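In what follows, a structure is listed as structure tokens, so that the remarks can point back to it.
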Amino acid sequence: MRTLLVSLVLLLGACAAEVSPYFSVVREPVPGGTRLRLEPAPGVRINAQQKPALERPDSTVLRFDSPALTADSAYFTEPPELVVPGSTRGRLVASICPAGEFVCKAEILTLR
Amino acid sequence: MPSRPAPAWKNTSWLNTDGGRPLALADLRGRVVLLNFWTFTCWNCTGALPSLVAYDSLYRAAGLTVVGIHTPEFPPFGGEHDRQNVAAALAKHGIRYPNTQDNDRATWDLYGIRYWPSYVLIDRKGQIRWEGYGEFHVGDRWHAQWEGRIQALLAEAA
């Protein structure tokens, strides 16, 4: 039981998620920073023509990316990722397109 | 759908107009106007462009004016605010109808738009008669539905 609790605490410490209705942001510590991964909710596509971006307080902009795209290069087929050196605070902007609706909208999430 | 007056936009950066001259809604009184809110980085937007190009080609002489309202989805670092990029997208997609840059989303907000792509169809008297959104294609039922609406408004007296 104790081992299970320790494992759970370690797991929570290692990976944390921030959620919008359209995707979750999964954090994972890696050498040199934090890997952020955008995992879309079921039926949601993330626009690869306009790669999701993290606007940091110092005005730098970091882009998420993944080599796995749909055949028309329009959407990611694997969650796009980004390794952030230092703090991950900032404004995350992603263009998301619900599959059945044939529309896109900009989703903005504040990361702490 | 109940009609309401179309609000006048105030955009200043125009493409595909005579010398880049701003096109006012008042200039279009007596014509049927189809507004298309789009951005070139949105696949669903560019997917619908062939339909809009077809409407422009088929119905311009009969009194239709298609107007593209290019509204960036991302902050300026995304490249959507750049006039040259918009011009390149117009050339790429064979768009000859007027387009304006709505970089501050003023017209987007004025019309209460929420999605890319969106459409607003205005009659000859300046009344909004139809609104909608989403990608459609030449030959599908939504293309036919919008075309039917255009034809109906063109048949009305000014």
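Each value in this text was obtained by applying a stated rule to the coordinates, not by laboratory testing. These numbers were taken from a predicted model, which means no experiment stands behind them. Because the Cβ atoms are built from the backbone with ideal geometry, glycine has one as well, and the counts that use them run over all protein chains shown.
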**OP:** Have a look at B:ASP102, B:ASP82, B:ASP56 and tell me which one the Gaussian network model of chain B (Cα, springs below 10 Å) gives the largest fluctuation.
**Re:** B:ASP82
Original post:
All other residues with a Cβ under 14 Å from the Cβ of A:ASN47 taken together, and with Lys, Arg as +1 and Asp, Glu as -1, what is their net charge?
Top reply: -3
**OP:** Looking at chain B, send over the antiparallel percent of its DSSP beta bridges, to the nearest 5.
**Re:** 60
Original post:
Long-range amide H contacts for A:TYR75: which residues qualify at under 5 Å (H placed 1.01 Å from N, peptide plane, sequence gap of 5 or more or a different chain)?
Top reply: A:ALA48, A:THR70
**OP:** Using Cα positions and a limit of under 22 Å, work out the lysines in reach of B:LYS125, with same-chain residues fewer than 8 apart set aside.
**Re:** B:LYS10
**OP:** Write down the radius of gyration of the protein assembly as shown and its Dmax, each obtained from C-alpha positions, in Å.
**Re:** 21.7, 81
Original post:
Amide H of B:VAL66: which non-local residues (sequence gap of 5 or more, or other chain) have their own amide H closer than 5 Å, using H built in the peptide plane?
Top reply: B:LEU34
**OP:** Give me the angle, in degrees from 0 to 90, between the Cα long axis of helix B:141-155 and the longest principal axis of the Cα atoms of chain B, rounded to the nearest 10.
**Re:** 60
Original post:
Per-residue HN-Hα couplings for segment B:110-122, Karplus 6.51 cos²θ - 1.76 cosθ + 1.60 at θ = phi - 60°, whole Hz, x for Gly and Pro?
Top reply: 4, 9, x, 7, 10, 10, 9, x, 10, 9, 9, 10, 10
Original post:
If R0 is 45 Å, what FRET efficiency do you get for B:ALA24 and B:ARG141 from their C-beta distance, rounded to 0.05?
Top reply: 0.85
Original post:
According to the square roots a ≥ b ≥ c of the eigenvalues of the Cα gyration tensor, what is the shape class of segment B:1-66, taking rounded for a/c under 1.5, prolate for a/b larger than b/c otherwise, and oblate for the remainder?
Top reply: rounded
Subject >> Tilt relative to chain B, helix B:43-59 - C-alpha long axis, 0 to 90 degrees, to 10 >> reply: 40
Original post:
Can you list the residues, at least 5 places off or on another chain, whose amide H is less than 5 Å from the amide H of A:VAL44, using H built in the peptide plane?
Top reply: A:ALA99
**OP:** Sort out for me the Cα centre separation of segment B:120-139 from segment B:42-76, rounded to whole Å.
**Re:** 11
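Rank the residues B:ILE95, B:ILE122, A:ILE108 as a footprinting-exposure proxy: fewest other Cβ atoms within 10 Å of their Cβ go first.
Numbers: B:ILE95 22, B:ILE122 25, A:ILE108 11.
Exposure proxy ranking, most exposed first: A:ILE108, B:ILE95, B:ILE122.
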Subject >> A:VAL19 paired with A:GLU78, simple spin-label distance in nm, labels 7 Å along Cα-to-beta-carbon >> reply: 2.6
Subject >> Sorted by Cβ density within 10 Å, fewest first, the residues A:GLU39, B:GLU80 >> reply: A:GLU39, B:GLU80
Original post:
Which of the lysines could a cross-linker bridge to A:LYS51, judged by Cα under 25 Å and excluding same-chain residues fewer than eight apart?
Top reply: A:LYS105, B:LYS92
**OP:** Rank B:ASN11, B:ASN36, B:ASN99 by mean-square fluctuation in a GNM of chain B with C-alpha springs under 10 angstrom and give only the top-ranked residue.
**Re:** B:ASN11
Subject >> In sequence order, calculated HN-Hα J values of segment A:48-61 (Karplus, 6.51, -1.76, 1.60; Hz; x Gly/Pro) >> reply: 8, 5, 10, 5, x, 9, 10, 8, 8, x, 8, 6, 6, 10
